[in-house]
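Step one of this worksheet: look at the structure below.
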Amino acid sequence: MSFSQGWDAGFKSLLIYVGVVFFWLIFLEKLFADQGTSVLAMNIAGIALGLGFFLYRRRACKNERAAAEAEIAALLAEER
Amino acid sequence: MQRKTSVFVETLRYGTIFLVLGFFVFPIFWMVLTSFKPEGAIMVSPPRFLFTPTLENYAHALHDKNFLFYIKNTLIISVVSTAIVVVFGSLAAYSFARYNVGDGHILFFILSTKMMPAIAVILPYFLIFRDVGKTAIGKSLHLGLDQHGALIVTYVMFNLPFAIWLLVSFFQDIPRSLEHSARLDGLSRIQVLRKVTFPLAAPGIAVTAVFTLIFCWNEFLFAYILTRKMASTVTVGVESFFTLQGILWGPVAAAATISVAPMLIFVLIMQRYMVRGLTFGAVRG
C-alpha cells in the first residue's frame with residue numbers, strides 16, 4: 001500500500017466513522033434506554049467499520065500490486 | 001531478517017501515514033467533534049475528547065437559523081457560475097490553444113486580472129451593482145445588491161481567467177492530427193469541436209469545473225459585501241453565528257460541517273476524473 005493509497009483509505013475511514021455517528025444519533029440512539037451504552041456501541045460500530053474499510057482497502061491494494069507484479073513477471077518470462 | 005525489515009518498514013510507513021493524516025485532518029476532525037459536543041463541553045480546558053454526543057447544534061443551525069436557505073443560495077450561485085465559466089472558458093481556451101489569438105498577449109492580459117487582490121475591487125463592484133440593480137436590465141437579471149446575479153457575475157469574472165489558463169494546457173495536449181483527420185472525414189469545424197476535441201478534453205473540463213465550484217462555494221469576501229440576507233451564501237451564514245452575545249461555537253461547527261459535506265461528497269465522486277485530468281494536462285512527450 002503506497003503512501004497516497006494509505007492517505008486516501010485513512011481519510012475515507014474517518015468519513016465512515018463520522019457517517020456512523022450521524023446515522024446512529026439520528027436513527028438508532030432512541031432505541032437505547034441508556035445513553036452511555038448507546039455511545040459505547042456507536043463508537044465500537046464506527047471504529048469497527050472505519051478500521052474494517054481501511055484493512056479491506058489495504059488488502060485490495062496488496063492484491064492489485066501482486067497481480068501487476070505477476071503480470072510483469074509473466075511478460076519478462078515470455079520475452080526470455 | 002528480511003521479515004523483520006519488512007515489518008519495520010510497514011510499521012514506519014503506516015505510522016507516517018497516520019501522523020501526516022492526523023496533522024492535516026485534525027482541524028476538520030475537531031470541527032466535526034465540536035459540532036457533536038453539548039454547549040458545556042466545547043470551551044473547557046483541557047479539551048474533552050470523551051463526551052455524550054448530541055445533535056442539538058445541528059438542530060439550532062438547521063431550524064433556528066434556517067441554514068438550508070444558505071445552502072440553496074450557494075448551490076444556485078455556484079452551479080450557475082461554474083456552468084458559465086466552463087462553457088466560456090472552454091471556448092476561449094480552445095481558441096487560444098489552436099489559433100494563438102493575440103500572440104499570447106491577450107492570454108497574459110486575462111491572467112493579469114487575477115493579479116489584484118479581491119479587496120482592491122470590492123468597492124467599485126459594490127457601487128456598480130448598487131447602481132445597475134436600479135436599472136430595468138439589472139432588475140430583470142437580478143444584478144442588484146443582495147441578489148444572486150451580482151454574485152454570479154463576480155464569480156464568473158474572477159474564475160474565468162483561472163479556468164482559461166487551466167484549460168489551455170489541456171487543449172494543447174490534444175494532437176492536431178486527430179482534428180485534421182476528422183475534418184478529412186467530412187466533419188465541420190464545430191462538429192470536430194463537439195465530437196472530437198471536447199470529449200478528449202473531458203477530464204480537464206471536469207477538473208476545471210470542480211476547482212471553480214470549490215472556489216465559488218468557499219468564497220467569503222464578495223458574498224459578505226455584496227449580500228445582506230436574500231442571497232447570502234454558506235460562508236456568510238456561518239459568520240452569522242458570531243453574535244453580539246458571543247460566538248456560538250457549537251452551531252458554528254455544525255454549520256461548517258454541513259457546508260463542507262456537499263463539496264466533500266462531490267469531490268469524492270469526481271476524484272477519479274480529477275486524478276486522470278490532473279495527470280493528463282501535466283505530462284508531455
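Residues checked against (1) modelled with pLDDT of 85 or more; (2) open to solvent by 80 Å² or more (accessible area, probe 1.4 Å):
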site	(1), (2)
B:Val20	yes, no
B:Val32	yes, no
B:Pro38	yes, no
B:Ala41	yes, no
B:Glu56	yes, yes
B:His63	yes, yes
B:Phe67	yes, no
B:Phe88	yes, yes
B:Ser112	no, no
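Can you tell me how many residues in region A:7-37 are at the interface with another protein chain (Cβ under 9 Å from one of its Cβ atoms) and among the polar types (S, T, N, Q)?
Looking only at that region, the number is 1.
Please give the number of the condition A:Ala33 fails out of (1) more than 19 Å from the chain's Cα centre (by Cα); (2) modelled with pLDDT under 90; (3) part of a helix (DSSP H, G or I).
Result: A:Ala33 passes all but (3).
B:Ile17 passes all but one of (1) more than 31 Å from the chain's Cα centre (by Cα); (2) within 14 Å of chain A (Cβ to nearest Cβ); which number fails?
Of (1) more than 31 Å from the chain's Cα centre (by Cα); (2) within 14 Å of chain A (Cβ to nearest Cβ), only one is false for B:Ile17: (1).
Considering every residue within region B:180-194, establish whether at least one is farther than 23 Å from B:Phe108 by Cα, open to solvent by less than 50 Å² (accessible area, probe 1.4 Å), within 16 Å of the chain's Cα centre (by Cα) and modelled with pLDDT of 90 or more.
no
Which one is most open to solvent (accessible area, probe 1.4 Å) among residues in region B:127-148 that are touching a helix residue (DSSP H, G or I) at 6+ places or on another chain (Cβ under 6 Å), within 19 Å of B:Val236 (Cβ to Cβ) and part of a helix (DSSP H, G or I)? First the steps, then the outcome.
So the first thing to find is which residues in region B:127-148 are touching a helix residue (DSSP H, G or I) at 6+ places or on another chain (Cβ under 6 Å), and the list is B:129, B:132, B:138, B:141-145, B:148.
Subsequent filtering for residues that are within 19 Å of B:Val236 (Cβ to Cβ) retains B:129, B:142-145, B:148.
From the residues that got through so far, the ones that are part of a helix (DSSP H, G or I) too are B:129, B:148.
Values: B:Phe129: 15, B:His148: 54 Å².
In this case the residue turns out to be B:His148.
Look through region A:4-48, keep the residues that are in contact with a Ser or Thr (Cβ under 7 Å, 6 or more places away or on another chain) and farther than 26 Å from B:Pro262 by Cα, and return whichever of them is surrounded by the fewest Cβ atoms within 10 Å (Cβ to Cβ).
Quick first cut of region A:4-48, residues in contact with a Ser or Thr (Cβ under 7 Å, 6 or more places away or on another chain) only: A:29, A:32, A:35, A:39.
Checking the rest, the ones that are also farther than 26 Å from B:Pro262 by Cα come to A:32, A:35, A:39.
Values: A:Phe32: 15, A:Gln35: 12, A:Val39: 19.
Selected residue: A:Gln35.
So which residues in region B:34-60 are within 14 Å of chain A (Cβ to nearest Cβ), in a helix (DSSP H, G or I) and touching a residue at least 40 places away in the same chain (Cβ under 8 Å), if there are any at all? Please lay out each step first, then the result.
Of all residues in region B:34-60, those within 14 Å of chain A (Cβ to nearest Cβ) come to B:34-38, B:41, B:48-59.
Checking which are in a helix (DSSP H, G or I) leaves us with B:34-35, B:41, B:56-59.
Within region B:34-60, B:Thr34, B:Ser35, B:Glu56, B:Asn57, B:Tyr58 qualify.
Confirm whether B:Val25 is at the interface with chain A (Cβ under 10 Å from one of its Cβ atoms), in contact with a Phe, Trp or Tyr (Cβ under 8 Å, 6 or more places away or on another chain) and surrounded by 12 or more Cβ atoms within 10 Å (Cβ to Cβ).
Numbers: at the interface with chain A (Cβ under 10 Å from one of its Cβ atoms): yes; in contact with a Phe, Trp or Tyr (Cβ under 8 Å, 6 or more places away or on another chain): yes; surrounded by 12 or more Cβ atoms within 10 Å (Cβ to Cβ): yes.
Answer is yes for this residue.
For B:Phe220, which of the numbered conditions (1) of a type outside the set (A, V, I, L, M); (2) in contact (Cβ under 8 Å) with a residue 60 or more places away in the chain; (3) open to solvent by 50 Å² or more (accessible area, probe 1.4 Å) fails to hold?
So the condition that B:Phe220 fails would be (2).
Please work out if B:Phe171 is touching a residue at least 12 places away in the same chain (Cβ under 8 Å) and more than 30 Å from B:Ala231 (Cβ to Cβ).
For B:Phe171, the condition - touching a residue at least 12 places away in the same chain (Cβ under 8 Å) and more than 30 Å from B:Ala231 (Cβ to Cβ) - is met.
Tally time: how many residues in region A:49-66 are away from every other protein chain (no Cβ under 14 Å) and open to solvent by less than 60 Å² (accessible area, probe 1.4 Å)? First the steps, then the outcome.
At the first step, the residues of region A:49-66 found to be away from every other protein chain (no Cβ under 14 Å) are A:49, A:52, A:56, A:60, A:63-64, A:66.
Filter once more, so that each one left must be open to solvent by less than 60 Å² (accessible area, probe 1.4 Å): A:52, A:60, A:66.
Number satisfying all stated conditions: 3.
The values are calculated or read from the model by the stated rules, or taken from the named source; none is laboratory data. Remember, predicted model here, so these are calculated numbers, not experimental data. Glycine gets a Cβ as well: all are built from the backbone with ideal geometry, and neighbour counts include every protein chain shown. Ligands, DNA and RNA are excluded from the accessible area calculation, which covers all protein heavy atoms including side chains. Shrake-Rupley method; radii C 1.70, N 1.55, O 1.52, S 1.80 Å.
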